[in-house]
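Below is one structure, written out as C-alpha cells; comments come after it.
The values are calculated or read from the model by the stated rules, or taken from the named source; none is laboratory data. What you see is a predicted model, and the numbers here were worked out from it, not measured in a lab. Cβ: placed from backbone, ideal geometry, glycine included. Neighbour counts: every protein chain shown.
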Amino acid sequence: MKLLADVRRIFNRRGFSGTSFRAVASELGISPGHLHYHFRTKELALEALFQEIVDATEGMFVSGVDSASLPKAWFRLQHEYLFFFRELPAILLQHPTLRRRYREIAKKRVGQFQTLLPNLSAAGLIIAEPESGFFDRFALLLWHHCNSALSLLPPEDTAIDQAESMLYTLLLPVLTENGRALLRTVQGNQ
C-alpha cells in the first residue's frame, strides 16, 4: 500500500516517537481525516509496518533467501524500516502487543541460529563448541548484532555494507579455515 510506504519513509526520516500523525498527514499533503480513515491511530500504522517486517522476515528465513545473501537481505530490510530498529527499545516498551510479538519472533530466530551453529560446526565451517552453552550465547549475540548494527550507523546506503562487515568480523573468530574460505567467496560474489 503506497500510503503505508509513504508513512514509513516519513518515520524513517523524522523518527516514530517524535512525529505526530497530524505532521505525517501534513507532510503527505492529505487531511488528518484521510490518514485516520486508513489508520485510526499512529500505533495502528506502526502495527501494519511491523507486520510488513514480520512477513518479509518469514520470507527470508522460511522460503529461502540463500544463506550467502541472508545478511545483506536482512540489513536491507532493516534499512527500509530504519525508524523501527533505531527506536526498538522505546517502541517495545510503549507497545506491549508489539513487545510480545517481537519476543516470540526473536525466540524463533535465536532458536534457528542455535540450530544452525552446530550444523555449521559439523560441516567444518565454524569451530567446535568450546564449552557447553557457547552456541546458545553466540546465537543471542548474533541476533542482537543483526537487530542493532544499523541503529549505530549513519542512514546512508553504505551502512548496509558496514553492518554486514561488522557481522563478518563478529563471526571471524569462530570460523575455521574452510569457513574463512567460504566467507571470502561470498564476499567476492557480492
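Hey, among the residues in region 6-23 that are outside any helix (DSSP H, G or I) and within 21 Å of the chain's Cα centre (by Cα), which one's farthest from LEU77 (Cα to Cα)?
SER17
Look through region 126-145, keep the residues that are of a type in the set (Asp, Glu) and part of a loop (DSSP other than H, G, I, E, B), and return whichever of them is surrounded by the most Cβ atoms within 10 Å (Cβ to Cβ).
Result: GLU129.
When the residues of region 126-167 are narrowed to those that are more than 16 Å from the chain's Cα centre (by Cα) and in contact (Cβ under 8 Å) with a residue 40 or more places away in the chain, which ends up nearest to ARG86 (Cα to Cα)?
By that ranking, first place goes to ILE126.
Among the residues of region 134-188, what is the count of those that are among the acidic types (Asp, Glu) and farther than 22 Å from PHE11 by Cα?
Total satisfying the criteria: 4.
Test each condition in (1) surrounded by 14 or more Cβ atoms within 10 Å (Cβ to Cβ); (2) without any contact (Cβ under 8 Å) to a residue 24 or more places away in the chain; (3) not basic (Lys, Arg) for GLU80 and report the one that comes out false.
Against the list (1) surrounded by 14 or more Cβ atoms within 10 Å (Cβ to Cβ); (2) without any contact (Cβ under 8 Å) to a residue 24 or more places away in the chain; (3) not basic (Lys, Arg), GLU80 comes up short only on (2).
Go through region 1-27 residue by residue and tally those that are touching a Leu at 6+ places or on another chain (Cβ under 7 Å) and surrounded by fewer than 17 Cβ atoms within 10 Å (Cβ to Cβ).
Of the residues in that region, 2 qualify.
Considering only region 62-125, give the helices (runs of 4 or more DSSP H) lying wholly within it that have at least 1 residues that are more than 15 Å from the chain's Cα centre (by Cα), farther than 24 Å from ILE160 by Cα and among the basic types (Lys, Arg).
Counting at least 1 such residues, we get 96-122.
Per-residue answers, yes or no, for (1) crowded, with 16+ Cβ neighbours inside 10 Å; (2) touching a residue at least 60 places away in the same chain (Cβ under 8 Å); (3) over 18 Å from VAL110 (Cβ atoms):
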residue: LEU44; (1), (2), (3): no, no, yes
residue: LEU49; (1), (2), (3): yes, no, yes
residue: ILE53; (1), (2), (3): yes, no, no
residue: THR57; (1), (2), (3): yes, no, no
residue: ALA68; (1), (2), (3): no, yes, yes
residue: LYS72; (1), (2), (3): yes, yes, yes
residue: ARG86; (1), (2), (3): yes, yes, yes
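I'm checking my understanding of the structure. Among residues of region 169-190 that are at pLDDT 90 or above and closer than 18 Å to ALA73 by Cβ, which one is surrounded by the fewest Cβ atoms within 10 Å (Cβ to Cβ)?
LEU170
Among (1) closer than 23 Å to GLU58 by Cα; (2) touching a strand residue (DSSP E or B) at 6+ places or on another chain (Cβ under 8 Å), which single condition is ILE91 missing?
That leaves (2) as the condition not met.
Is there a residue in region 124-133 that is in contact with a His (Cβ under 7 Å, 6 or more places away or on another chain), aliphatic (A, V, I, L, M) and more than 19 Å from ARG8 (Cβ to Cβ)?
No, the conditions are met nowhere in region 124-133.
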